[in-house]
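Novice: Quick one: structure below, then a few questions.
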Amino acid sequence: MQRSPIKLVRSLESRKSSNSFRTLKPQSSLIDFSSNDYLGFSQDAQIYDASHNLLSDLDLKLNGATGSRLLSGNHLVYDLAEQMLADFHHVEAGLIFNSGYDANIGFFSAVPQRGDIIFYDELSHASIRDGIGSSNARSYKFKHNDLSDLKALIEKNSGDTNQFDIYVVTESVFSMDGDMPDLKKLSKLCEEFDCFLIVDEAHATGIFGAAGEGLVHQLDLQDKVFAQINTFGKAIGCHGAVILGSNLLREYLINFSRSFIYTTALSPHAVATIFCAYEKLKSDASEIENLKQNIKIFKDEIIFQELKLYFVDSQSAIQSCIIPGNSNVKLIAEYLKNNGFEVKPILSPTVSFGKERLRFCVHSYNSAEEIRTVLNLLGNFVKRS
Ligand SMILES: Cc1ncc(COP(=O)(O)O)c(C=O)c1O
């Protein structure tokens, strides 16, 4: 048998001994409190059929894009989708990336330049941190959602801003905690210090805003935000992402963003599905309403079960119950699984040590009874232990 590099062997052993070894599991048929399919769009037959019809109408019966957008992959459906996305989100322009991960990598590795500064929330998603890691700009993290800390950091580091640009990045809904920054105040702060604000809307797209435009639009901040990253793998139920902003930003990304340039484009089918999922968002707000109602039921039940102390305060579809210790949180997840509920334990090092949690994702299609039962089970378990 081939020899394995010793560092790989040791890293895997260390994962096993800290109870944080990751494995791939088959799809679950349990009651879903874990997927990002907040509105059930991934299984929506109307969207599925409409995307086939759109491809037929455009005479795009293709299984793949055949190349990068800059070479042979720029099919008509891309232009249609990007124009629709810009209109829907009320911005000048949009550029589709193959995933939210690619979008963040492509943005942060290309836009902030050597000498520039990036300030980022300490709980920023891995894709933002990886993008910043491949940027030549200096970067500093600020305390989670703490605008005083951010202000102090800007004041300390800004100096002569005629010489460089400052970028500030946050998420409208944090992926592990489900909480939100005070985006209005943050945008004011950015205005005061002449910073470019970037907002990752991954977990707000399809959820906030009357038709799911996101939090930036709900707060009418499109003109204050330099770039938004909206992903399609969550409430939109598809795959891919768009970076929204000015025409200049779009042109710049097309010319300099390596994760846009050096990759095969999403298949026309994937883009048609995005187009049709947004058509559904525009025409039917019922799933968004159901989701909002279910978030309310979930939060009421947290109080009823006397679990408020355990949960991170959140208005979003992500509701996290802190259960310190990888073994403890795995045990509770297993107990819920045995009772028919899929809720993912989030272990360290994905979250910091001591902040391990059960991460509940609430959906439009969860019933009130499912919500009450799963929280009742959680309450019983927590009170027993
Ligand atoms: C805040 C945030 N940004 C970006 C991403 C990456 O998006 P995608 O899954 O489309 O790569 C995620 C995914 O988990 C996320 O939570």
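Bear in mind that the values in this text are calculations on the coordinates, not laboratory data. This one's a predicted model, so the numbers in the text were calculated from it and none came from an experiment. FYI the Cβ positions are ideal-geometry reconstructions off the backbone, even for glycines, and counts take in every protein chain you see.
Novice: Would you please classify the overall shape of the chain from the alpha carbon gyration tensor, given that a ≥ b ≥ c denote the square roots of the eigenvalues, rounded means a/c under 1.5, and beyond that prolate means a/b larger than b/c while oblate covers the rest?
Specialist: Rounded shape, in that the Cα axes give a/c under 1.5.
Novice: Please give every one of the lysines within straight-line cross-link reach of residue 308, meaning a C-alpha to C-alpha distance under 18 Å, and leave out same-chain neighbours fewer than 8 residues apart.
Specialist: Of all the lysines, those that pass the test against residue 308 - Cα under 18 Å, at least 8 places apart if same chain - are 296, 299, 355, 383.
Novice: While we're on this one: With labels modelled as points extended 7 Å from the Cα through the Cβ direction, what inter-label distance (nm, one decimal) is found for residue 35 paired with residue 210?
Specialist: 3.0 nm
Novice: Another question, if that's okay. Sorting check: for 166-178, 238-250, 17-29, 296-308, which peptide has the highest mean count of neighbouring beta carbons within 10 Å, and how do the rest follow?
Specialist: Averaged packing, sorted descending, gives the order 166-178, 238-250, 296-308, 17-29.
Novice: Per 0.36 nm of contour for each residue apart, how much would the distance between residue 185 and residue 84 grow if the chain were fully extended, relative to their Cα-Cα spacing?
Specialist: The span from residue 185 to residue 84 would gain 33.4 nm if fully extended.
Novice: GNM, the chain, Cα, under 10 Å: largest mean-square fluctuation among 280, 141, 16?
Specialist: 16
Novice: Another question, if that's okay. Could you give the dipole magnitude of the chain about its Cα centre, charging the beta-carbon of Lys and Arg +1 and that of Asp and Glu -1, in debye to the nearest 20?
Specialist: In debye, rounded to 20, the chain gives about 1900.
Novice: With springs connecting C-alpha atoms under 10 Å apart, model the chain as a Gaussian network and identify which of 159, 115, 214 has the largest mean-square fluctuation.
Specialist: Of the options given, 159 has the highest mean-square fluctuation.
Novice: Further, regarding this structure: Would you mind putting 317-324, 257-264 in packing order, based on average other-beta-carbon counts within 10 Å, highest first?
Specialist: Final packing ranking: 317-324, 257-264.
Novice: Cut-off under 20 Å on the C-alpha distance; same-chain residues fewer than 8 positions from residue 156 excluded. Which lysines are left, in chain and number order?
Specialist: 141, 143, 185, 188
Novice: Is the shape of segment 282-385 best called rounded, prolate or oblate, per the rule: a/c under 1.5 gives rounded, else a/b larger than b/c gives prolate, else oblate, with a ≥ b ≥ c the square roots of the Cα gyration tensor eigenvalues?
Specialist: prolate
Novice: Also, I was wondering about something else. Using Cβ-Cβ distances only, list the Cys residues of the chain with no partner cysteine under 4.7 Å, sorted by number.
Specialist: Isolated Cys, the chain: 238, 276, 321, 361.
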